[in-house]
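*Asks:* Quick one: the structure is below, and I'll ask about it shortly.
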Amino acid sequence: MAERTRVEQNLTYATPRESARYQQRALLVGALFLVLFIVGAFLPITIGGGIDQFFHSYLVGFMFWLGVAMGCLGLLMLQHLTGGAWGLVIRRVLEAGTRVLPLMFLLFLPLAIFGLPHLYEWMHRTEITEKALRAVLEAKKNYLNPTFFLIRAAVYFAIWFALMFFLNRWSADQDRTAERRYSKNMTALSGPGIILFVLTTTFASVDWVMSLDAEWFSTIYGLIYVAGWTLSAFSFVIAVMVWLATRPPLEGEVRAAHFHDLGKLLLAFVMLWAYFAFSQFLIIWSGNIPEEAEWYLNRLRGGWGWIGVAVVLLHFALPFVLLLSRDLKRNARRLATIALFILVMRFVDLYWLIVPEFNRGHFKFEWMSIVCPIAFGGLWIAFFFWQLRLRPLLPINDPYFDEAIEHGKHGGH
Amino acid sequence: MPESDQPHDEVRVHETTPLIEPGHTFASVTDKISSLVLKRRTPLGWFIGFGISFMLFQLFMLAVTNLVFTGVGIFGTNQPVGWAMPIINFVWWIGIGHAGTLISAILLLLRQEWRTSINRFAEAMTLFAVACAGMYPVFHLGRPWLAYWLFPYPNTMGIWPQFRSPLMWDVFAVSTYATVSALFWFIGLIPDFATLRDRAKSRGWQILYGLLAMGWRGSARHWARYEMAYLLLAGLATPLVLSVHTIVSFDFAVAQLPGWHATIFPPYFVAGAIYAGFAMVLTLTIPLRKFYGLEDFITDRHLRNMAKVMLATGLIVAYGYMMEAFFGWYSANKYERFMIWNRMTGPYWQFYWALILCNIVTPQLLWIRRIRHSTLALFIISLVVGVGMWLERFVIVVTSLHRDFLPSSWGMYWPTVWDWSMFIGTIGLFLTLLFLFIRFLPIISIFEMRTILPQAEVEEEAA
Amino acid sequence: METKPPLYGLMAEFDNPTDLVEAARQTYDEGYRRINGYSPFPIEELAEAIGFHKTRLPLIVLLGGIFGGLAGYFMMYYMEVIDYPLNVGGRPFHSWPAFMPITFETTVLCAALAAVFGMLALNKLPQPYHPVFNAERFALATRDRFFLVIEARDPKFDHDKTLAFMWSLNPKEVVDVEV
């Protein structure tokens, strides 16, 4: 009898019931911190509040959670293109992650409508007296102006929504009809889709973060975000997968061999991110051109350097060394711990990229920049669990389904 | 296992073309590949190909002799274009080498079994390409007999190399790369040397292959350590190959010159290297498999997969061009803007647009299924990409240098006959080595081909 | 007058990997320990069947890599900071970012050398002579045949009993291998 119920459960692969509780708690935490965050906007500057501070922190929280959702989109298309058991077992989590993008769009609206003057120096082009900066802003006014900025943002979101919509829709259709052509459709869309993903990520990162310092530019910057967002999403997905794999219905279906593959990919993404980030640093450090080097000086002087050291050691070195171990990658719980740790370090890295722009030359701990990501994170996770529960946890009608599950039962190396 | 009664073959629907034609056995695979080496008569086509390559190689010898006797003045290198054909060709060759390591190492880690029939050949290509690349830094020094000065060794002058220079990084990167590639290749060959030892008819070849096989006897313990070593080497070669072209890109990017000083250079150079390398692998394997009748082992699926890798890396390269152009404009820096504008419309505009045509426009044809399935089309596209990647290095090196910051220092650069002789000569060197390799060593890894036969699977009895 | 040359062991021949692995398992279960399998390509199950589980190679490679990295870095540190400090464009003598690429290269170089020479040393290669080569058909071990050897040194080895046991494994042939 027990055998039978398990089979029945397996066929639907429903999300464990506890997820509803997590969803409520996440929503509660999100709402509480959101209230705190909004209150912070009206608190005096002396205790770390204020409207400018509100939007600075808003950008940090927004970019962090946007990264997780967007990384899910990129990974979803990547696994459609490469195939493989690792992609199939995390596909539903990735899909649910992409379906949080509408929330991110809602969160973008306040930033777009009210936030720009509080964030970007190019909004104040005409008021700037410093000659050199003024000249640069004049030269860039065709690109860095609010109208074009908003048009571009609309294009990015339109592209992201389109990719999200079709990939999710076809996947759901395949669940219903078991037709193979949907797999083909998804693969066919993912080729051009991933190109669009890389391009929109590049330009969005330039628009929303790089242009905080309108003088500075770096051609690898977009790729750092592509790698970073993918890494954020991958860490998040691994943590969720471990949670799912330790209870029915996925218990026994997603196994050590799957986590081994996911661990290897996590290591690859950690290395890829570090490669991009270090390349940029070494080239700018060696070139030592004043206009460029200043960007790093802002992030190394006045205490910020310690955050930089922490990023090198904890975002790269520590996970790198740990993930070399085969046993660790096959131990789901430990892998999840590292993944969550990397996710936290992704936040530290983003803090280090954004916040020094508003606090040049002196380290500042902004409590608002902690509150905001927690608030958005609560909403994000609640939204995510709500979406995750709408569908079976595995794409049962995928043509490679049996093979992918079977893969977990053989060791792999 | 409850799933075992499900029809699995029906599931594998996309992969209609196998990696190895059905009907082969351990013996037939072994005999077919080793006979290419062991059969006594050398085909006439080989002599013709080798003859032409060897003649081109003589052109290299001639150019180098003149170079050593006369000096580097025989090249077109000048002021302001102080880096020219030697570095262009160095980068081109070393890039070509990268596909070999990629196929043997990265695809091994990704468990892509289709690499098996092309990895040996691609690794050989890597070694020969690195050898050709190595000629340029050595000979353009002017006093090639002092090339060992590049390495840090205790010397009577009491000085050391200057490690803040990317050129020193290059010395270490390229020599490490050459060493590790050679080891990887040799390790892969050991079991096949043993096969040749046991198959060779004449005493001389038995002894020679026997020495190279070092007493390999296929012991299970040996195989276990061997496989571990091979896997670890693959794990090391993967970041190594990325680091090599990254460091080559630092040669340029670390300078302050507009057009060179770009942070995108490392990934964009690496992608370009793999792109050119796969183009070269296709250029060589398509005629080779036809000539030696190896279509059973290097199937159409191999060619299609390589075409897909080419398309993907080509798109990354396109991203690189796009970022250069966009940030050239976005920077609002007059030197950056001039540089990119000068590339597109300046005296070398033909090179830039030819590069775009070869490297970006043409490969888009690979999106089309029919093109990917046409051997001839793949051959032509890979030749075009090979040319395109040479043009890319020409554009990066020459157009960035020929317009100095001061208009009074502007100039032009055109390669001399000796520049071309040396370049064409290294192609001769490359092909000469390749022909020797084809004649004396198994061009396909025999033991790895055995592993992908269905009979190699150990059938487990249902417990 | 006929003196039998000393015996290295008994060798059974199989024509497919499944039979060899099965035979190796039975031999191991029977209590033989000085056994070895020979095959034309690596068979993961075979190493396990004869009781070979882990190799120390990864540790050797790790140590090689650590040595290479430290040696590379401190080589540069000694040359650039201690022995021959030279001002280049105002960059510090101890320019750690610029030392990274070579540190990486020497790490990989030494780790790769450790992998290759470690593997050869653990396998005791090159080894010009080995008794198994005395078996006439052993040349096929590099083509399409699979061999199982029980050494005479095995405490459980008894020529006639072991011979009978090996014939029970369904081999194509069993032969004596001389030292």
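The values are calculated or read from the model by the stated rules, or taken from the named source; none is laboratory data. Just so you know, these numbers come straight off a predicted model, no measurement behind them. Every residue, glycine among them, receives a Cβ derived from its backbone with ideal geometry; neighbour counts consider all protein chains shown. Just so you know, the surface numbers come from the protein's heavy atoms only, side chains and all, with ligands and any DNA or RNA stripped out. Shrake-Rupley method; radii C 1.70, N 1.55, O 1.52, S 1.80 Å.
*Asks:* Hey, can you tell me all the residues within the range B:202-216 that are small (G, A, S) and assigned to a helix (DSSP H, G or I)?
*Replies:* Within the range B:202-216, B:G204, B:G210, B:A213 qualify.
*Asks:* Out of C:S39, C:S95, I need the residue that is of a type in the set (S, T, N, Q) and under 30 Å from B:W216 (Cα atoms). Which one?
*Replies:* C:S39
*Asks:* If you go through the range C:63-75 one residue at a time, do you hit one that is of a type in the set (V, I, T) and either open to solvent by less than 50 Å² (accessible area, probe 1.4 Å) or in the same structural domain as C:T142 (by TED's automatic domain parsing) (or both)?
*Replies:* No, that holds for no residue.
*Asks:* Given B:A325, B:A318, B:A312, which one is free of Cβ contacts under 8 Å to residues at least 12 places away in the same chain, within 11 Å of chain A (Cβ to nearest Cβ) and of a type in the set (G, A, S)?
*Replies:* The conditions single out B:A312.
*Asks:* Any chance you could count how many residues in the range B:255-286 are over 14 Å from B:W390 (Cβ atoms), more than 14 Å from every other protein chain (Cβ to nearest Cβ) and of a type in the set (A, V, I, L, M, F, W, C)?
*Replies:* Of the residues in that region, 6 qualify.
*Asks:* Further question: How many of the residues making up the range C:76-95 are part of a helix (DSSP H, G or I) and open to solvent by 40 Å² or more (accessible area, probe 1.4 Å)?
*Replies:* Of the residues in the range C:76-95, 4 are part of a helix (DSSP H, G or I) and open to solvent by 40 Å² or more (accessible area, probe 1.4 Å).
*Asks:* While we're on this one: Restricting attention to the range B:24-57, and to residues there that are among the small types (G, A, S) and closer than 30 Å to B:A456 by Cβ, which single residue is surrounded by the fewest Cβ atoms within 10 Å (Cβ to Cβ)?
*Replies:* The qualifying residue surrounded by the fewest Cβ atoms within 10 Å (Cβ to Cβ) is B:S35.
*Asks:* Report yes if A:I283 is open to solvent by less than 20 Å² (accessible area, probe 1.4 Å), more than 18 Å from the chain's Cα centre (by Cα) and not aromatic (F, W, Y), otherwise no.
*Replies:* Here the answer is yes, as A:I283 does meet what is asked.
*Asks:* Same structure, new question: Give the range A:278-292 a look and list any residue that's in a helix (DSSP H, G or I) and either of a type outside the set (A, V, I, L, M, F, W, C) or touching a helix residue (DSSP H, G or I) at 6+ places or on another chain (Cβ under 6 Å) (or both), or say none.
*Replies:* A:S279, A:Q280, A:L282, A:I283, A:I284, A:W285, A:S286, A:G287, A:P290, A:E291, A:E292
*Asks:* Only residues that are within 14 Å of another protein chain (Cβ to nearest Cβ) and either touching a Leu at 6+ places or on another chain (Cβ under 9 Å) or open to solvent by 50 Å² or more (accessible area, probe 1.4 Å) (or both): list them for the range C:144-169, please.
*Replies:* C:R145, C:F146, C:F147, C:L148, C:V149, C:I150, C:E151, listed by residue number.
*Asks:* Those residues that are within 12 Å of chain B (Cβ to nearest Cβ) and among the aliphatic types (A, V, I, L, M), I need them from the range A:277-302; list them, please.
*Replies:* A:A277, A:L282, A:I283, A:I284, A:I289, A:A293
*Asks:* Kindly list the number of the only condition in (1) surrounded by fewer than 21 Cβ atoms within 10 Å (Cβ to Cβ); (2) facing chain C (nearest Cβ under 7 Å); (3) assigned to a loop (DSSP other than H, G, I, E, B) that fails for B:T179.
*Replies:* (3)
*Asks:* OK, next. For B:F435, which of the numbered conditions (1) assigned to a loop (DSSP other than H, G, I, E, B); (2) surrounded by fewer than 21 Cβ atoms within 10 Å (Cβ to Cβ) fails to hold?
*Replies:* Result: B:F435 passes all but (1).
*Asks:* Restricting attention to the range B:429-443, does a residue exist that is within 14 Å of another protein chain (Cβ to nearest Cβ) and over 30 Å from B:W341 (Cα atoms)?
*Replies:* So far as the range B:429-443 goes, yes, one or more of its residues are within 14 Å of another protein chain (Cβ to nearest Cβ) and over 30 Å from B:W341 (Cα atoms).
*Asks:* Being at the interface with chain B (Cβ under 9 Å from one of its Cβ atoms) and touching a helix residue (DSSP H, G or I) at 6+ places or on another chain (Cβ under 7 Å) narrows it down to one residue among C:Y38, C:Y78, C:Y73; which is it?
*Replies:* C:Y38
*Asks:* Among the residues of the range C:101-114, write down those that are at the interface with chain B (Cβ under 7 Å from one of its Cβ atoms) and aliphatic (A, V, I, L, M).
*Replies:* C:I102, C:V108, C:L109, C:A111, C:A112
*Asks:* Go over the candidates B:I340, B:I356, B:I360, B:I396 one by one and state the one that is within 14 Å of another protein chain (Cβ to nearest Cβ), open to solvent by 20 Å² or more (accessible area, probe 1.4 Å), of a type in the set (V, I, T) and under 21 Å from B:F252 (Cβ atoms).
*Replies:* Residue meeting the stated conditions: B:I360.
*Asks:* Continuing with the same structure: Does any residue in the range B:198-222 that is in contact (Cβ under 8 Å) with a residue 60 or more places away in the chain come within less than 8 Å, Cβ to Cβ, of a residue that is of a type in the set (S, T, N, Q) and assigned to a helix (DSSP H, G or I) six or more places away or on a different chain, and which pairs are these?
*Replies:* B:R199/B:T30; B:R199/B:S34; B:R199/C:T142; B:A200/B:Q206
*Asks:* Does B:Y148 satisfy being among the aromatic types (F, W, Y), open to solvent by 40 Å² or more (accessible area, probe 1.4 Å) and assigned to a loop (DSSP other than H, G, I, E, B)?
*Replies:* no
*Asks:* Another question, if that's okay. Hey, among the residues in the range A:205-243 that are of a type in the set (V, I, T) and assigned to a loop (DSSP other than H, G, I, E, B), which one's farthest from the other protein chains (Cβ to nearest Cβ)?
*Replies:* A:V209
*Asks:* Determine which single condition A:G87 fails, assuming it passes every other condition in (1) under 29 Å from A:T201 (Cβ atoms); (2) open to solvent by 20 Å² or more (accessible area, probe 1.4 Å); (3) at pLDDT below 95.
*Replies:* It is condition (2) that A:G87 fails.
*Asks:* Right, another one. State whether the residues of the range B:193-201 include one that is surrounded by fewer than 20 Cβ atoms within 10 Å (Cβ to Cβ), part of a helix (DSSP H, G or I) and at the interface with chain C (Cβ under 7 Å from one of its Cβ atoms).
*Replies:* There is no residue in the range B:193-201 that is surrounded by fewer than 20 Cβ atoms within 10 Å (Cβ to Cβ), part of a helix (DSSP H, G or I) and at the interface with chain C (Cβ under 7 Å from one of its Cβ atoms).
*Asks:* Right, here's the next one. Restricting to the range B:58-110, name every residue that is buried (at least 21 other Cβ atoms within 10 Å of the Cβ) and polar (S, T, N, Q).
*Replies:* Listed by number, the residues that qualify are B:N89, B:T101, B:S104.
*Asks:* Residue check: is C:A98 surrounded by 21 or more Cβ atoms within 10 Å (Cβ to Cβ), out of contact with any Phe, Trp or Tyr (no Cβ under 6 Å at 6 or more places or on another chain) and more than 10 Å from chain B (Cβ to nearest Cβ)?
*Replies:* Spelling it out, it is not the case that C:A98 is surrounded by 21 or more Cβ atoms within 10 Å (Cβ to Cβ), out of contact with any Phe, Trp or Tyr (no Cβ under 6 Å at 6 or more places or on another chain) and more than 10 Å from chain B (Cβ to nearest Cβ).
*Asks:* Next up: Please specify each residue of the range B:116-132 satisfying the condition of being buried (at least 24 other Cβ atoms within 10 Å of the Cβ), within 11 Å of the chain's Cα centre (by Cα) and under 13 Å from B:I444 (Cα atoms).
*Replies:* B:F121, B:A122, B:E123, B:M125
*Asks:* I'd like to verify a number: residues in the range C:33-45 that are surrounded by fewer than 17 Cβ atoms within 10 Å (Cβ to Cβ) and part of a helix (DSSP H, G or I), how many?
*Replies:* 1
*Asks:* Here are C:E30, C:E48: which of them is touching a residue at least 60 places away in the same chain (Cβ under 8 Å), of a type in the set (D, E) and either open to solvent by 20 Å² or more (accessible area, probe 1.4 Å) or assigned by TED's automatic domain parsing to the domain that holds C:M11 (or both)?
*Replies:* C:E30
*Asks:* Just checking: which of the helices (runs of 4 or more DSSP H) contained wholly in the range A:115-204 hold 3 or more residues that are among the aromatic types (F, W, Y)?
*Replies:* Where helices (runs of 4 or more DSSP H) fall fully within the range A:115-204 and carry at least 3 residues being among the aromatic types (F, W, Y), they are A:146-177.
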